[in-house]
Structures are given as C-alpha cells and as structure tokens.
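Asker: Pasting in a structure now, in structure tokens, and then I'll have a few things to ask.
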Amino acid sequence: MPRIDRTPAPLDSRPHVVIVGAGFGGLACAEALGGTNIRVTVIDRNNYHLFVPLLYQVATAALSPADIAEPIRRILSRHPNIDVVMGEVTGIDRAARQVELADGSVVPYDRLVLATGSSYSYFGHDDWAEIAPGLKTIENARRIRARLLMNFEQAEISGDAARRKALMTTIVVGGGPTGVEMAGSVAELARYTLARDFRRIDPRTARVLLVEAGPRILSGFPEDLGHYARRKLEELGVVVLTGQAVEGITPEGATVGGRFIPAGTIVWGAGVKASPAGSWLGVETDRSGRIPVNADLSVPGAPDVYALGDTAALAGEDGKPLPGLAQVAKQQGEHLGGGLEASLLRGQPLAPFRFRNRGNTAIVGRSAAVFDFGRHRLKGWFAWLLWAVVHVYLLVNFQKRMLVTMQWLWRWATYQRGARLITADRPAPVAEAVTSPHGREAEPFDPRPFPDMKRGQG
Ligand SMILES: Cc1cc2nc3c(=O)[nH]c(=O)nc-3n(C[C@H](O)[C@H](O)[C@H](O)COP(=O)(O)OP(=O)(O)OC[C@H]3O[C@@H](n4cnc5c(N)ncnc54)[C@H](O)[C@@H]3O)c2cc1C
C-alpha cells in the first residue's frame, strides 16, 4: 500500500507535536498547546471525545450517547494551530519519527504524545468479550442497553418460568466503581423505571448480581465507604457476591464460585489492560501493558516520545502507581502540554509531574454516593450531589451540561429514563406461547433472588 504523508507539505518551520488519542489526557494536552506557535496534530480513531465515566448511564437508558460525546473537531476548532485526523494508529516508526495509520498513511512528528487509554482485559478469556461486553465504548453501551431492554421484552412473552428468570437476571462482573455504578443503575431501572410498564412480568423481581473476586467491593476506597456502598446496593436489591471469581461465561449465563447462574445480560467491569502503544514503540511494559514513564512523562529510551493517562505507568508521591482515572490523565495532559510549549519555544526542560488528588468517587444509586479525598471522605446524599455537580462540570460543553442536568432532575423526580430504545444487538424474537394473555403471569415468581442463598452473603 502506498504510504501517504497526511500532514500538509510544510513550508512551516514550527515544531510539530502529534498527539494520539483525544480522550481526557490527549485532549487536555492539545488544549494546553492551543493558540501557541506550535503545529499540533491530534489523531483519534473516533471523531468524538467520549466522557467515559457516564457510559453506564447510556447502558442503562438514562442518557443518550450524544449526551456524553462531543466531536473532537468542534472542541478544538477555536485553535487554528491544531489539526484533527480521524484514523486508527497501528504503529510507530521511531527511526523515521512518524506515526503509521491503518490506511497506510503516515504522520511525521517532532514530539509524540501517546494518550491511547486502555481497554478491558478478560484474563486470557477473550471469547467472553462478545457475551459480556465491557463499558468502554459507545457501541458496547448501546449493546448492553439493547440486551437489557430486549430481555425484559422477551421475558414478557415467554411461557417458561425458568427462562423468564434467566432473562431477568443481570450479572455485573467486577466490584470497582464501574461495577458498583452499573449494578445500582440496573437495579433502579428494574425496580422503579420499568416497574409498571409490563403486564405479565414484574420487573421488580429482576435479579442483579455484582460479582467480585476480592474480599470486598470498592477496594480502592477506604473500608467504611466500601461497606456503605454494599449496604446501599443491597437496599436496592442487588446481590453482592464477594470472594467469588467468575470461572466461565457462556451465552446462557456465568459460573461463579462453582455454581452456574443462568443470566440474560452479563456486563464486564473487571481488569483493564493498556492500549498497545508500548508494543508500537518496542519498549518494556508493566503487567497491564502500561509504559513506565519518567517523572516528566517521557518514555525511557524513546527520545521525544511521551505517554500519559491509562496507557502510562507512573508512581505517585506515596510510591504507589497512580490510578487509572480521568483526573490523572487530564492533569498529565495539561502538565505535558504546558511543558512542551516551554521546551519547544523557550528551550526549558520538562518539569516532573505531580498529581493533585481531587477526590475519587462512585455513585451507588439514587441519592447515594461515596467520595474519597484522601484525608477526608464523604458518603450519602451530599456526596451524591457533589458527584453530580463534578460530573456535569466536567462535561465538555455548556449545552451538554444543561441537557444532562435537566435529564437528571427529571429522572430524579419521576424515575423515568428517556433513552429506552432498542436499537442494536437485537436478538430474534422468541417463538414461545404466552401463558397468560391477561394480567400478570399466573404463576408468581419467587421474589428472592436466590432462595437458597442469604442476600449479601460473601
Ligand atoms: C465505565 C468507566 C467509568 C469510569 N469512571 C471514572 C470516574 O468516575 N472518574 C474518573 O476519574 N475516572 C473514571 N474512569 C477512568 C477514566 O475513564 C480513564 O482513566 C480515562 O478515560 C483515561 O484517559 P485517557 O486519556 O488515558 O484515555 P481515554 O479517555 O480512554 O482516551 C483514549 C483515546 O484514544 C483513542 N485511541 C485508542 N487507541 C487508538 C488508536 N489505535 N488510534 C487512534 N486513537 C486511539 C480512543 O478513541 C480514545 O479517544 C472510568 C472508566 C470507565 C471504563
């Protein structure tokens, strides 16, 4: 395939910074370089920046994809020195100092910033990915939403009690913030939003299981906040299974702690692995595939290449690796952008990066959240309010902030969710007899999620 240089033929003597990835880190870096006398090219496989922390709300029909995504071109359009390229990066030619794209084109750089994030790791069981999608992309969030809603539709027309029970069971794998938020949101969807919308099934009897292999959920938070989150989830009817690993996943359900649980929807929120940026460079990575970087975010042994966010590994002041959080990526992007400007235009050395913890948070259903600021911690409705304010503030533009605030207020007051559309991953309808065409199913469900298991048993 011919190799095309995608950058305009430069009579341009300005230094050229190429940023791969317009997530939290890449975008912050580009914004910091906006309006400077540096030519910047931002490359992303998508034409939009995605606000990943609210993806679970798309998966549970609370928000639409467009509410949490914004075109990269629009965000950066006010900076004439920034060019945006939509393309999939597949490699880096370090000797030629150029980035290689899937379509065969190349983009030369003077300095290269790798901000390509991470994806879910299935611990060697990549075949599970199709059955148990992770919450990292809009496509997956839409698939999960379609699956969840379609399963209720199919349960409504199924004449088989066991099948109904399976269709109305959701297993969320991983008790970190993503799993906790997802499990709470699915439980609310079933218990409140869908409660009165069906005639033959009772959505309130839907089972939601949160499975965590470790001894407790929210292990990255202080213990009391983890216990609080568990209690709140259990109040919502979520069955929290700790100390039990998922051993197998099939389209019919999951094997957890030696026991097979039939389930219509399985969502993966367990391990993550970094993007393959380390292998593009041919440098050593850590166990999660992250590139260990120097304190100034440069890649050891790769001159003029930097990595940040989820794809980089750097220890914080306490010696522990910085967590894979949007605030880490964002702060690193801002820091590196400012540092590159000073370095390229004024010849100053890059300063070491210092992370300022603005608080780690997870929402646990309506009006409850946990917030960990290090020395201080919060839980309950005030933490929830703070969570909402912070997330709305971090959305990229004012219109989105208004839209999301209005939708949250409406949902808070009415329990309704506006995005209940089945638009993807539509399974074929089930050809089963409806046993009771009038009124709710004659044979009542056992409302206990596991009659033989105590709720919350670890
Ligand atoms: C469900 C969920 C909830 C979360 N909630 C929170 C939260 O509440 N608070 C918090 O602080 N953090 C949260 N996180 C973590 C946070 O989203 C990540 O730490 C953050 O997105 C990392 O930013 P990044 O810039 O490194 O990567 P990303 O934001 O993932 O961006 C990577 C970008 O690179 C692009 N890209 C990747 N590969 C290529 C390629 N080969 N070619 C071209 N482009 C490419 C992608 O399209 C993407 O735009 C959550 C994560 C998940 C999955």
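Asker: Would you tally the residues in segment 304-318 being out of contact with any Ser or Thr (no Cβ under 8 Å at 6 or more places or on another chain), assigned to a strand (DSSP E or B) and buried (at least 24 other Cβ atoms within 10 Å of the Cβ)?
Answerer: Here the count works out to 2.
Asker: Further question on the same structure: Right, residue 278: more than 15 Å from the ligand (Cβ to nearest atom) and among the small types (Gly, Ala, Ser) or not?
Answerer: Numbers: more than 15 Å from the ligand (Cβ to nearest atom): no; among the small types (Gly, Ala, Ser): yes.
Criteria not met by residue 278.
Asker: From the list 275, 298, 219, 288, which one is out of contact with any Ser or Thr (no Cβ under 7 Å at 6 or more places or on another chain) and under 18 Å from residue 134 (Cβ atoms)? Walk me through it before giving the result.
Answerer: Values: 275 fails: out of contact with any Ser or Thr (no Cβ under 7 Å at 6 or more places or on another chain); 298 fails: under 18 Å from residue 134 (Cβ atoms); 219 fails: under 18 Å from residue 134 (Cβ atoms).
Being out of contact with any Ser or Thr (no Cβ under 7 Å at 6 or more places or on another chain) and under 18 Å from residue 134 (Cβ atoms) holds for just one of 275, 298, 219, 288, which is 288.
Asker: If we scan segment 343-361, do we find a residue that is within 11 Å of the ligand (Cβ to nearest atom), under 21 Å from residue 119 (Cα atoms) and in contact with a strand residue (DSSP E or B) (Cβ under 7 Å, 6 or more places away or on another chain)?
Answerer: First, the residues of segment 343-361 that are within 11 Å of the ligand (Cβ to nearest atom): 357-361.
So of that shortlist, the ones also under 21 Å from residue 119 (Cα atoms) come out as 360-361.
Of the ones still in play, those that are also in contact with a strand residue (DSSP E or B) (Cβ under 7 Å, 6 or more places away or on another chain) are 360-361.
Checked against the condition, which is being within 11 Å of the ligand (Cβ to nearest atom), under 21 Å from residue 119 (Cα atoms) and in contact with a strand residue (DSSP E or B) (Cβ under 7 Å, 6 or more places away or on another chain), segment 343-361 yields at least one hit.
Asker: Would you point out the residue of segment 39-75, among those that are surrounded by fewer than 24 Cβ atoms within 10 Å (Cβ to Cβ) and of a type in the set (Asp, Glu), that is nearest to the ligand (Cβ to nearest atom)?
Answerer: Looking at residues that are surrounded by fewer than 24 Cβ atoms within 10 Å (Cβ to Cβ) and of a type in the set (Asp, Glu), I get 70.
Asker: Could you tell me whether any residue of segment 34-54 is modelled with pLDDT under 95, farther than 18 Å from residue 112 by Cβ and among the polar types (S, T, N, Q)?
Answerer: Checked segment 34-54: no residue is modelled with pLDDT under 95, farther than 18 Å from residue 112 by Cβ and among the polar types (S, T, N, Q).
Asker: Within 10 Å of the ligand (Cβ to nearest atom) and outside any helix (DSSP H, G or I): is that true of residue 36 in this structure? Give the derivation first.
Answerer: Values: within 10 Å of the ligand (Cβ to nearest atom): no; outside any helix (DSSP H, G or I): yes.
Against the criterion (within 10 Å of the ligand (Cβ to nearest atom) and outside any helix (DSSP H, G or I)), residue 36 does not qualify.
Asker: Just to check your reading of the model, which residue among 351, 388, 419 is in contact with a Ser or Thr (Cβ under 7 Å, 6 or more places away or on another chain), closer than 29 Å to residue 75 by Cα and not charged (D, E, K, R)?
Answerer: Working: 351 fails: in contact with a Ser or Thr (Cβ under 7 Å, 6 or more places away or on another chain); 388 fails: in contact with a Ser or Thr (Cβ under 7 Å, 6 or more places away or on another chain).
Exactly one residue qualifies, and that residue is 419.
Asker: While we're on this one: If I filter segment 85-105 down to residues being part of a strand (DSSP E or B) and away from the ligand (no atom under 11 Å from the Cβ), which single residue comes out as surrounded by the most Cβ atoms within 10 Å (Cβ to Cβ)? Before you say what the answer is, go through the steps one by one.
Answerer: Going through segment 85-105, the residues part of a strand (DSSP E or B) turn out to be 85-86, 89-93, 98-101.
Imposing the further condition that a residue be away from the ligand (no atom under 11 Å from the Cβ) reduces the set to 93, 98.
Values: 93: 13, 98: 20.
My answer is 98.
Asker: If you take the residues in segment 126-135 that are more than 8 Å from the ligand (Cβ to nearest atom) and surrounded by 15 or more Cβ atoms within 10 Å (Cβ to Cβ), which one is nearest to residue 92 (Cα to Cα)?
Answerer: My answer is 129.
Asker: All but one of (1) closer than 23 Å to residue 12 by Cβ; (2) at pLDDT below 95; (3) not small (Gly, Ala, Ser) hold for residue 58; which doesn't?
Answerer: Looking at each condition in turn, residue 58 falls short on (1).
Asker: Collect the residues in segment 148-194 that are among the hydroxyl-bearing types (Ser, Thr, Tyr), within 24 Å of residue 391 (Cβ to Cβ) and outside any helix (DSSP H, G or I), keeping them in residue-number order. Working first, answer last.
Answerer: Within segment 148-194, the first condition is being among the hydroxyl-bearing types (Ser, Thr, Tyr), and the residues that meet it are 158, 169-170, 178, 185, 192-193.
Those still in the list that are within 24 Å of residue 391 (Cβ to Cβ) too: 170, 178, 185, 192-193.
Result: 170, single match.
Asker: Hey, another quick one. Please count how many residues of segment 274-303 are assigned to a strand (DSSP E or B) and over 25 Å from residue 102 (Cβ atoms).
Answerer: Keep residues of segment 274-303 that are assigned to a strand (DSSP E or B), which gives 274, 291-292, 298.
Restricting the remaining residues to those that are over 25 Å from residue 102 (Cβ atoms) gives 292, 298.
Residues flagged as assigned to a strand (DSSP E or B) and over 25 Å from residue 102 (Cβ atoms) within segment 274-303 amount to 2.
Asker: Please work out which residue is modelled with the lowest pLDDT, limiting yourself to segment 376-405 and to residues that are surrounded by fewer than 17 Cβ atoms within 10 Å (Cβ to Cβ) and not in a helix (DSSP H, G or I).
Answerer: Across segment 376-405, the extreme among qualifying residues is 397.
Asker: Out of the residues in segment 106-121 meeting the condition of being modelled with pLDDT of 95 or more and under 15 Å from the mean Cα position of the chain (by Cα), tell me which one is surrounded by the fewest Cβ atoms within 10 Å (Cβ to Cβ).
Answerer: Step one: list which residues in segment 106-121 are modelled with pLDDT of 95 or more, which gives 106-118.
Next, from what is left, pick out any that are under 15 Å from the mean Cα position of the chain (by Cα): 116-118.
Numbers: 116: 25, 117: 22, 118: 19.
Result: 118.
Asker: Are any of the residues in segment 123-130 within 30 Å of residue 213 (Cβ to Cβ), part of a helix (DSSP H, G or I), among the charged types (D, E, K, R) and within 18 Å of the chain's Cα centre (by Cα)? Quick ask: steps written out before the conclusion?
Answerer: From segment 123-130, those within 30 Å of residue 213 (Cβ to Cβ) are 123-130; that's our starting set.
If we keep only those that are part of a helix (DSSP H, G or I) as well, we get 128-130.
From the residues that got through so far, the ones that are among the charged types (D, E, K, R) too are 130.
Within this subset, residues satisfying the condition of being within 18 Å of the chain's Cα centre (by Cα) are 130.
Within segment 123-130, one or more residues are within 30 Å of residue 213 (Cβ to Cβ), part of a helix (DSSP H, G or I), among the charged types (D, E, K, R) and within 18 Å of the chain's Cα centre (by Cα).
The values are calculated or read from the model by the stated rules, or taken from the named source; none is laboratory data. Quick caveat: nothing in here was measured; it's all calculated off a predicted structure. We place every Cβ from the backbone using ideal geometry, glycine too, and count neighbours over all the protein chains shown.
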